[in-house]
Amino acid sequence: MAEFPFSPKAKYLPEDAGAEQLFALRDHLGFSRNVIVQASCHGTDNAATLDAIAKSEGKARGVAVVDPAISDVELAALHDGGIRGIRFNFLKRLVDDAPKDKFLEVSRRLPKDWHVVIYFEADILEELWSFIDAIPVPLVIDHMGRPDVTQGSDGPDMRAFRRLLESREDIWFKATCPDRLDPTGDPWNMFADAVAPLVADYPDRCLWGTDWPHPNMQDNLADDGHLVDMIPRLAPTADLQRRLLVDNPDRLYWGD
């Protein structure tokens, strides 16, 4: 697939990547809808995400980052603006302190049919287990908890992640970011080999995305077209591709 003129050649910082660039990329790659996840660089100011959803003509939904002290009225306003989940970040290089008790409190007050997205690295999965188990709404695990894909599909990181998926039927995962997880580089063969069996075994709980505009990777941006080329390697049948790209996100983000 040909390179897209906005990405990766134009190296937008996350704070500079606007709705127009996003929708142009979406259309170029051949998708009809998209989910916008609040970038860490914006903190809890979800104005840019809400603005993009409003401009999408119903083709976008979003995931917000919120102050745990947010009011129920403010949560309702986010819902009206197209938000359908909130994101908790546990990457130590990005956040100094993640207040689990406050995260749990706000997760109990979310509007109907919302979910929680959690971003963490594989080495802290065990210490997060009880926290994850206490969240009372469906969960989406960003990038599968960043497993070491060089271990293969049956390595210790993937086995631990499968145990997490088996612990609750409402845990979803994003089969995403080969460019972050596979040190061998494009075409990311180790990622494909490690992740395809996970998609095959949990076909109704997997999601896909490009992770555009690839925050914190401005010096080594992936070609988004090549990321799309990963889809048939993860989901080789038409049925799996429909679940990954259409049915699963539709249930999670457009269920209403």
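The values are calculated or read from the model by the stated rules, or taken from the named source; none is laboratory data. Please read these numbers as outputs of a predicted model, since none were measured by experiment. Glycine also receives a Cβ, built like all others from the backbone with ideal geometry; neighbour counts cover every protein chain displayed.
Below is a table of values for the structure above.
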| quantity | calculated |
| --- | --- |
| Matching residues, the range 49-81, being in a loop (DSSP other than H, G, I, E, B), under 15 Å from residue 256 (Cα atoms) and small (Gly, Ala, Ser) | 58, 81 |
| Residues that are more than 13 Å from the chain's Cα centre (by Cα), of a type outside the set (Val, Ile, Thr) and either over 23 Å from residue 62 (Cβ atoms) or at pLDDT 95 or above (or both), drawn from the range 193-217 | 193, 194, 196, 197, 198, 200, 201, 202, 203, 204 |
| Pairs, first free of Cβ contacts under 8 Å to residues at least 40 places away in the same chain in the range 161-184, second surrounded by fewer than 20 Cβ atoms within 10 Å (Cβ to Cβ) and among the hydroxyl-bearing types (Ser, Thr, Tyr), C-beta under 7 Å, six or more apart | 183/150 |
| Filter pass, residue 137 being crowded, with 20+ Cβ neighbours inside 10 Å and outside any helix (DSSP H, G or I) | no |
| Residue identified as assigned to a loop (DSSP other than H, G, I, E, B) and crowded, with 17+ Cβ neighbours inside 10 Å among 183, 147, 187 | 147 |
| Residues of the range 31-43 classified as modelled with pLDDT of 95 or more and either surrounded by fewer than 14 Cβ atoms within 10 Å (Cβ to Cβ) or on the phi > 0 side of the Ramachandran plot (or both), total | 1 |
| Pairs, first farther than 13 Å from residue 60 by Cβ in the range 33-45, second among the hydroxyl-bearing types (Ser, Thr, Tyr) and in a strand (DSSP E or B), C-beta under 9 Å, six or more apart | 40/119 |
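Rundown of residues vs (1) at pLDDT 95 or above; (2) more than 20 Å from the chain's Cα centre (by Cα); (3) of a type in the set (A, V, I, L, M), yes/no style:
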position: 56; (1), (2), (3): yes, no, no
position: 59; (1), (2), (3): yes, no, no
position: 71; (1), (2), (3): yes, yes, no
position: 82; (1), (2), (3): yes, no, no
position: 87; (1), (2), (3): yes, no, no
position: 90; (1), (2), (3): no, no, no
position: 93; (1), (2), (3): no, no, no
position: 98; (1), (2), (3): no, no, yes
position: 113; (1), (2), (3): yes, no, no
